[in-house]
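Data first, discussion second: the structure below is written as structure tokens.
The values are calculated or read from the model by the stated rules, or taken from the named source; none is laboratory data. As the structure is a prediction and not an experimental result, all values here were calculated from the model. Heads up, the Cβs are rebuilt from the backbone with ideal geometry, glycines too, and the neighbour counts pull from every protein chain shown.
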Amino acid sequence: MPWHDLTELRLDDGVILVRFKQSPNHQPMINQNHLFCNLRMFTFEYITSTKPKSLKDAVIQALKSPVRLGGMISDGAVVILSDLKSHHEARIVCDVPGMLRIHAPVQMQSAVLELCRRLMGRKIISHKPFADKARVDEVKAFTPACEVLASHMAEEEFKKWIVVLPEARAGADACKFRNDGALHRYLVNLLRFAKETLDTTNVRKRIDYIAKQCGLSHFSENISETARRKFPEDYTALFDGQERLFPMHVTIGAGQQEVDCMSIHFLIDRSANRLVIARFGRHGRGESIR
């Protein structure tokens, strides 16, 4: 069964590494609080000097005595521990030399920790040491930028006012930006900006004024002269049969790292009555970074 890592949390009290998992059956949600509510799986990892086959035998013995922890099925290098009442299953993987890995739902956390205590008491496994003894902070789960963009592109109103070019979609697929909440808010406000800017009653209003009114902070109408002169290809795309420069942009986040900061480049095409996005994600060359 495939599981998808969402985040990693290091603890001091019994479990050295816990990776939160999300089942593929749970659809990613933009709202971060809801996203955490969908987290249902843990992965526990321990180190061991016991060879995989002997490790599997030790796991089976630990599950059997002194008190049976639940139903058990042996499948190759995997031992499946099941809760006979709730039908939840934990997978205990013994095929990686030097490591014991356990995938378990939160409902079986107590049984899994009891198993780990038994194995540690028999000196079969031990805690995985920290690479850095300094405190490791929790990394929050996030929805990838490409999924945030895709969720907006699926909305009829977004499709009515905004065109996302293939170059922007490719940029979104490669985007490492982690602040999905900020990205969601900017896309909501970008839709407002498109509607207000293309409203013929607002033709006399300054573009930067409309952007501010729509909540698009860190908006600029143009790229830098250096970017325009030296790296125009980073900001150019084909739209409606013509190579166009996409100078308008918003910067989301701050810093030098791709996980902390990104930009969206676009233009307003009044003949098509659309806002057109051509670049999405990593900053282009020559672009100033906050």
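Looking at the range 96-111, which of its residues are more than 22 Å from the chain's Cα centre (by Cα) and outside any helix (DSSP H, G or I)? Give the derivation first.
Restricting attention to the range 96-111, the residues satisfying the condition of being more than 22 Å from the chain's Cα centre (by Cα) are 96-102, 107-111.
Answer for the range 96-111, where residues must be more than 22 Å from the chain's Cα centre (by Cα) and outside any helix (DSSP H, G or I): VAL96, PRO97, GLY98, MET99, LEU100, ARG101, ILE102.
Being surrounded by 17 or more Cβ atoms within 10 Å (Cβ to Cβ) and touching a Pro at 6+ places or on another chain (Cβ under 7 Å): is that true of ILE223 here? Before the answer, list the steps.
Details: surrounded by 17 or more Cβ atoms within 10 Å (Cβ to Cβ): yes; touching a Pro at 6+ places or on another chain (Cβ under 7 Å): yes.
Here the answer is yes, as ILE223 does meet what is asked.
Got a sec? Which of TYR235, TYR209 is in the same structural domain as ALA272 (by TED's automatic domain parsing), among the aromatic types (Phe, Trp, Tyr) and surrounded by 14 or more Cβ atoms within 10 Å (Cβ to Cβ)?
Numbers: TYR209 fails: surrounded by 14 or more Cβ atoms within 10 Å (Cβ to Cβ).
Just a single option satisfies the conditions, and that option is TYR235.
Quick check on VAL259: is it part of a strand (DSSP E or B) and surrounded by 13 or more Cβ atoms within 10 Å (Cβ to Cβ)? Write out each step before concluding.
Numbers: part of a strand (DSSP E or B): no; surrounded by 13 or more Cβ atoms within 10 Å (Cβ to Cβ): yes.
In short, no.
Within the bounds of the range 60-69, is there any residue that is in contact with a Leu (Cβ under 8 Å, 6 or more places away or on another chain), at pLDDT below 75 and farther than 30 Å from ASP180 by Cβ? Give the steps one after another, and end with the answer.
So the first thing to find is which residues in the range 60-69 are in contact with a Leu (Cβ under 8 Å, 6 or more places away or on another chain), and the list is 62-63, 69.
Add one more test, that the residue is at pLDDT below 75, and what stays is 69.
Those still in the list that are farther than 30 Å from ASP180 by Cβ too: 69.
Yes; the residues of the range 60-69 include at least one that is in contact with a Leu (Cβ under 8 Å, 6 or more places away or on another chain), at pLDDT below 75 and farther than 30 Å from ASP180 by Cβ.
Across the range 190-226, what is the total count of residues that are under 30 Å from the mean Cα position of the chain (by Cα), part of a helix (DSSP H, G or I) and among the aliphatic types (A, V, I, L, M)?
Within the range 190-226, residues that are under 30 Å from the mean Cα position of the chain (by Cα), part of a helix (DSSP H, G or I) and among the aliphatic types (A, V, I, L, M) number 4.
Check PHE142, PHE193 and return the single one that is at pLDDT below 95 and either over 18 Å from LEU267 (Cβ atoms) or surrounded by 14 or more Cβ atoms within 10 Å (Cβ to Cβ) (or both). If you could, list the steps in order and put the result at the bottom.
Numbers: PHE193 fails: at pLDDT below 95.
Criteria check complete, one pass: PHE142.
Can you pull out every residue in the range 269-281 that is crowded, with 17+ Cβ neighbours inside 10 Å and on the phi < 0 side of the Ramachandran plot?
Taking the range 269-281 first, the residues crowded, with 17+ Cβ neighbours inside 10 Å are 274-281.
ARG274, LEU275, VAL276, ILE277, ALA278, ARG279, PHE280 - these are the residues of the range 269-281 that are crowded, with 17+ Cβ neighbours inside 10 Å and on the phi < 0 side of the Ramachandran plot.
Restricting to the range 90-110, what's the tally of residues that are farther than 25 Å from LYS51 by Cβ and either buried (at least 16 other Cβ atoms within 10 Å of the Cβ) or not assigned by TED's automatic domain parsing to the domain that holds LYS53 (or both)?
Filtering the range 90-110 for residues farther than 25 Å from LYS51 by Cβ gives 105-110.
Subset that is either buried (at least 16 other Cβ atoms within 10 Å of the Cβ) or not assigned by TED's automatic domain parsing to the domain that holds LYS53 (or both): 105, 108.
Going through the range 90-110 one residue at a time, the tally reaches 2.
State which residue pairs qualify: first residue touching a residue at least 12 places away in the same chain (Cβ under 8 Å) and inside the range 208-219, second residue among the polar types (S, T, N, Q) in any location, beta carbons under 6 Å apart, and separation of 6 or more residues or different chains.
So the pair list comes out as ILE210/THR197; CYS214/ASN189; GLY215/ASN189; LEU216/ASN189; HIS218/THR251.
Give the range 262-290 a look and list any residue that's in a loop (DSSP other than H, G, I, E, B) and of a type outside the set (S, T, N, Q), or say none. Full working, then the answer.
Applying the first criterion (in a loop (DSSP other than H, G, I, E, B)) to the range 262-290 yields 270-273, 282-290.
Selection gives ARG270, ALA272, ARG282, HIS283, GLY284, ARG285, GLY286, GLU287, ILE289, ARG290.
Could you check ALA77 against (1) modelled with pLDDT of 80 or more; (2) under 18 Å from THR43 (Cβ atoms); (3) of a type in the set (Gly, Ala, Ser) and say which number it fails?
Just one mismatch for ALA77, condition (1).
Name the single residue, out of those in the range 239-248 being part of a strand (DSSP E or B) and in contact (Cβ under 8 Å) with a residue 12 or more places away in the chain, that is surrounded by the most Cβ atoms within 10 Å (Cβ to Cβ).
Residues of the range 239-248 part of a strand (DSSP E or B): 239, 242-245, 248.
Subset that is in contact (Cβ under 8 Å) with a residue 12 or more places away in the chain: 239, 244-245, 248.
Working: PHE239: 18, ARG244: 17, LEU245: 15, MET248: 24.
So the residue we want is MET248.
List every residue pair whose Cβ atoms sit under 9 Å apart, with the two residues 6 or more apart in sequence or on different chains, where the first one lies in the range 252-265 and is in the same structural domain as HIS218 (by TED's automatic domain parsing) and at pLDDT below 90 and the second, anywhere, is part of a strand (DSSP E or B) and not aromatic (Phe, Trp, Tyr).
What qualifies is ALA254/CYS261; GLY255/CYS261.
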